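Structure record follows, encoded as structure tokens.
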């Protein structure tokens, strides 16, 4: 289903939040896939299936795959050292698979975005910011609500696993606030996934009411004396908390706002699919012990002829 409406003739730039789908595969698939060195490859197999489904379905001319390399080194850690401190470091078996997933994208001729200073969300936002003046619309492939703040006009966000798409116009029905209010909303409510506390005592419903009335976090903090008079449960206490935690609320918004000035590893307004690396693709398929069906799909997705000399794998797909 979609609430995005007709996209018209504007070309699409697909922007994939890769880490989400790698992690999902890591947790969802059994640890029964291994490469030629005995390391697990369940996340790579799952990610490859997702990526092939996407490429076969959409056949995008412009696409970039964004990975998180800044889980403990991005600029947000300098602003707030406890940012994402609640997350356990990725085990070596998973880190190896992330590297394989990036290599697979490169071999397919897909632009890979990764940076030690900026997170995947920032790279997606920066790519979209560059593409818009040239007439592109974004198709953000991710279920992450943070990314909804990027949506304007004909842009779409696509929760691929659930088959749901929505535009900026559909964000309020999903999250209770408009697309341009998402960063302010998360600053107020906090984000447990990223270890952002938010303003004490302000939950999702309260934040939605406050932003519906004031429009922005800045206006809310400037007119905080009005909060006590709103028809809002515990309004007086909420006003007190906002006064006490004003600077913290602004700090949280620095963390929840997607940066759109990250460096991008391609020229031109939108990432363009390039020539695949057939040798690299075949070597990866061999090393990761992909089955014959997956190998044929990979070569087809890359626009290569079938490799009739490929040795069959012991895996079914």
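The values are calculated or read from the model by the stated rules, or taken from the named source; none is laboratory data. The model shown is predicted, which means the values in this text are computed figures rather than measured ones. Don't worry about glycine lacking a Cβ; one is built from the backbone with ideal geometry, like all the others, and counts go over all protein chains shown.
Remark: residue 18 matches the filter, which requires a residue to be under 24 Å from residue 64 (Cβ atoms), touching a helix residue (DSSP H, G or I) at 6+ places or on another chain (Cβ under 9 Å) and touching a residue at least 40 places away in the same chain (Cβ under 8 Å). Out of segment 230-279, which residues are without any contact (Cβ under 8 Å) to a residue 24 or more places away in the chain and closer than 22 Å to residue 69 by Cβ? The answer is 267, and nothing else. Among the residues making up segment 158-192, none is in contact with a helix residue (DSSP H, G or I) (Cβ under 6 Å, 6 or more places away or on another chain) and farther than 30 Å from residue 242 by Cα. Residue count for segment 212-224 under the criterion of being under 19 Å from residue 178 (Cα atoms) and not in a helix (DSSP H, G or I): the result is 2.
Residues in segment 46-66 that are out of contact with any strand residue (DSSP E or B) (no Cβ under 6 Å at 6 or more places or on another chain) and either surrounded by fewer than 22 Cβ atoms within 10 Å (Cβ to Cβ) or not in a helix (DSSP H, G or I) (or both): 49, 50, 52, 53, 54, 55, 56, 57, 58, 59, 61. Among the residues that make up segment 246-255, is at least one of them more than 19 Å from residue 15 (Cβ to Cβ) and more than 26 Å from the chain's Cα centre (by Cα)? Within segment 246-255 (the criterion being more than 19 Å from residue 15 (Cβ to Cβ) and more than 26 Å from the chain's Cα centre (by Cα)), the answer is yes, since at least one residue qualifies.
Determine whether residue 30 is surrounded by fewer than 21 Cβ atoms within 10 Å (Cβ to Cβ), in contact with a helix residue (DSSP H, G or I) (Cβ under 8 Å, 6 or more places away or on another chain) and farther than 27 Å from residue 179 by Cα. Yes, satisfied. Has segment 123-133 got any residue that is in contact with a helix residue (DSSP H, G or I) (Cβ under 6 Å, 6 or more places away or on another chain) and surrounded by fewer than 24 Cβ atoms within 10 Å (Cβ to Cβ)? Checked against the condition, which is being in contact with a helix residue (DSSP H, G or I) (Cβ under 6 Å, 6 or more places away or on another chain) and surrounded by fewer than 24 Cβ atoms within 10 Å (Cβ to Cβ), segment 123-133 yields no hits at all.
Note on segment 258-267: residues that are surrounded by fewer than 17 Cβ atoms within 10 Å (Cβ to Cβ) and under 22 Å from residue 54 (Cβ atoms) total 2. Being in the same structural domain as residue 265 (by TED's automatic domain parsing), in contact with a strand residue (DSSP E or B) (Cβ under 6 Å, 6 or more places away or on another chain), at pLDDT below 95 and not in a helix (DSSP H, G or I) is a property that residue 31 has.
Wholly within segment 99-193, which strands (runs of 3 or more DSSP E) include no fewer than the required count, namely at least 3 residues that are farther than 24 Å from residue 72 by Cβ?
On the way: elements: 111-113, 137-141, 156-159, 164-166.
Per the criteria, 137-141, 156-159, 164-166.
Just a yes or no: is a residue in segment 225-238 outside any helix (DSSP H, G or I), in contact with a helix residue (DSSP H, G or I) (Cβ under 6 Å, 6 or more places away or on another chain) and within 25 Å of residue 81 (Cβ to Cβ)? No, every residue in segment 225-238 fails to be outside any helix (DSSP H, G or I), in contact with a helix residue (DSSP H, G or I) (Cβ under 6 Å, 6 or more places away or on another chain) and within 25 Å of residue 81 (Cβ to Cβ).
Scoring residue 119 on the criteria (1) crowded, with 22+ Cβ neighbours inside 10 Å; (2) in contact (Cβ under 8 Å) with a residue 60 or more places away in the chain; (3) out of contact with any helix residue (DSSP H, G or I) (no Cβ under 7 Å at 6 or more places or on another chain) leaves a single failure, condition (2).
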